[in-house]
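Report on one structure; see the data block that follows.
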Amino acid sequence: MARLYDSDHSAASLAQRTGNMAAFGGVRLSVLDNGAGRGLRVLDFHTGSGLHFSVLVDRAMDISEVSHKGRAIGWHSPTGFRHPALGDYEGEGGLGWTRSFSGFLATCGLDHVGGPEEVDASSYNYPRRSTVQHGLHGRISATPARLTGYGETWQNERYTLWAEAVCVQATMFGEVLHLHRRIEADLGGNTIRLHDRVVNAGFAPTPHMLMYHVNLGYPVIDEGARLVAPIRDVVWASHADSGLSRQSVGYRTCPAPQTGFAEQVWEHDLAADERGNVALAVVNDRLAFGLELETRKEQMPCFYQWQNFQAGHYVMGVEPATHHAKGNQFARDRDEMIWLSAGEARNYSAQFRVLDGGKEIAESTARIMAVQAQPDEDYPQPSGHFAALYGAKAGA
């Protein structure tokens with residue numbers, strides 16, 4: 001049954017109450033026609049519960065805007081949502097990615113995550129390309145998708161809003177990777193479901209890395225907002241050498257916007273529940289409002305927390321990933337890079353659930369903390385212990 005307006009409805013029940021289900025919710029395709037986003041195809045999802053989100057077809061099917069009952073969840077940067085033709089991924093020493101970085105979800109990969117790096121490319125067996133240069137967080141988010149379908153359908157008495165697409169990251173004498181993405185939400189629901197399949201569609205062994213850069217802005221992020229996560233170890237912090245407390249911002253609680261704030265990145269090792277799921281939440285207790293994120297530990301064993309509380313850029317990112325935060329070469333050196341053989345694929349899934357009200361926040365917090373209590377200090381000293389991934393042996 002579809003739960004809508006505090007009542008349960010079957011397909012017949014709702015059909016009796018409207019001539020078109022679009023009155024209650026659905027998916028609509030449109031094209032932006034002004035400014036830097038001109039030409040971008042956008043899928044707008046409305047679930048009828050107050051949840052609205054937009055998917056940018058021409059930016060790897062990433063989720064741009066998310067709101068609930070008029071309250072923003074997803075972050076907007078000063079760049080806005082730019083058409084990928086305006087970007088220069090290769091520019092600015094590998095930092096060109098930041099010229100288009102905005103929105104709730106930025107997919108990072110498919111063969112690189114982290115800062116700019118130059119790594120070995122001998123697996124492609126092309127004499128003119130002995131190395132490959134990667135910019136910040138990879139190329140996929142600037143790649144238009146081929147939309148294969150979207151719409152609404154009844155499935156086992158659930159009215160599901162959905163969209164599917166394929167995004168191709170490919171070059172001659174290099175990677176040929178396909179991202180198959182499906183995004184779903186239910187009529188009357190407050191959850192977004194993401195299903196990804198990354199396939200090596202070429203014939204050379206190809207490295208693969210993936211991260212979901214999930215970015216939360218005001219009002220979920222505000223002074224006093226907190227991270228709730230089953231942290232069993234604080235692994236690494238980008239600012240450890242300069243002093244964890246130098247900016248008086250720990251991992252647990254968000255400050256008000258600041259001038260001159262330098263970004264901080266933490267890596268945490270999160271515990272999974274008995275089903276292998278990892279859940280965390282970011283909550284604003286003053287508004288009784290938040291978001292819960294759930295992924296699979298076996299798919300994305302690593303997790304980063306990005307804090308950028310600079311005024312005008314005010315955001316916190318929660319980032320499940322396939323690899324540790326120290327990057328591409330680090331993964332190769334430890335024999336932890338995922339190498340996809342011809343035709344090989346990896347599957348990923350994530351759920352984003354709105355927490356609306358104190359009861360939902362309390363239930364989410366209790367469920368997460370029952371798996372693993374997080375450190376009760378703001379500045380836990382990183383252990384430096386990077387757990388072995390994918391059968392490799394733990395090393396430096």
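Bear in mind these aren't lab numbers, they're just calculated from the coordinates by the rules spelled out. Since this is a predicted model, take the numbers as computed values, not measurements. Cβ: placed from backbone, ideal geometry, glycine included. Neighbour counts: every protein chain shown.
Taking the number of other C-beta atoms within 10 Å as the exposure measure, put 69, 297 in order starting with the fewest.
Ranked by crowding around the Cβ, least crowded first: 69, 297.
Per residue of segment 112-123, what does 6.51 cos²θ - 1.76 cosθ + 1.60 with θ = phi - 60° give for ³J(HN,Hα)? Whole Hz please, x for Gly and Pro, Karplus curve as stated.
7, 9, x, x, x, 8, 10, 10, 5, 10, 5, 5
Can you give me the Cα centroid spacing of segment 237-254 and segment 149-191 in angstrom?
Cα centroid to Cα centroid, the span is 37 Å.
Taking other Cβ within 10 Å of each residue's Cβ, how do 97, 75, 154 sort, fewest first?
154, 97, 75
Give, in nm to one decimal, the length gained when the segment between residue 8 and residue 341 is fully stretched (0.36 nm per residue of separation minus the Cα-Cα distance).
Gain on stretching residue 8 to residue 341: 115.1 nm.
Amide H to amide H under 5 Å from residue 338: which residues, 5+ apart in sequence or cross-chain, H placed 1.01 Å off N in plane?
Long-range HN contacts for residue 338: 208.
For residue 370 and residue 195, what does the FRET efficiency come to when R0 = 25 Å and r is the distance between their Cβ atoms, rounded to the nearest 0.05?
Efficiency computed from Cβ-Cβ geometry: 0.40.
Considering only 278, 266, 235, whose Cα is most displaced toward the positive end of the charge dipole of segment 228-286, charges sitting on Cβ of Lys, Arg (+1) and Asp, Glu (-1)?
Checked the options; the winner is 266.
Ordered by residue, what ³J(HN,Hα) values in Hz, to whole numbers, does segment 324-330 give under the Karplus form 6.51 cos²θ - 1.76 cosθ + 1.60, where θ = phi - 60° and Gly and Pro are x?
5, 5, 7, x, 5, 5, 4
Show which aspartates and glutamates lie in cross-link reach of residue 69 when reach means a straight Cα distance below 14 angstrom and same-chain residues fewer than eight apart are skipped.
356
By how many nm would the segment from residue 171 to residue 44 grow when fully extended, if each residue of separation counts as 0.36 nm and the alpha-carbon distance is taken off?
42.6 nm
If you filter segment 158-248 for chymotrypsin sites (Phe, Trp or Tyr not before Pro), then keep DSSP loop positions with at most 16 other Cβ within 10 Å, what is left? Show your work: numbers first, answer last.
Details: sites: 159, 162, 173, 203, 212, 236; in loops: 173, 203.
Listed in order of number, the matching sites are 173, 203.
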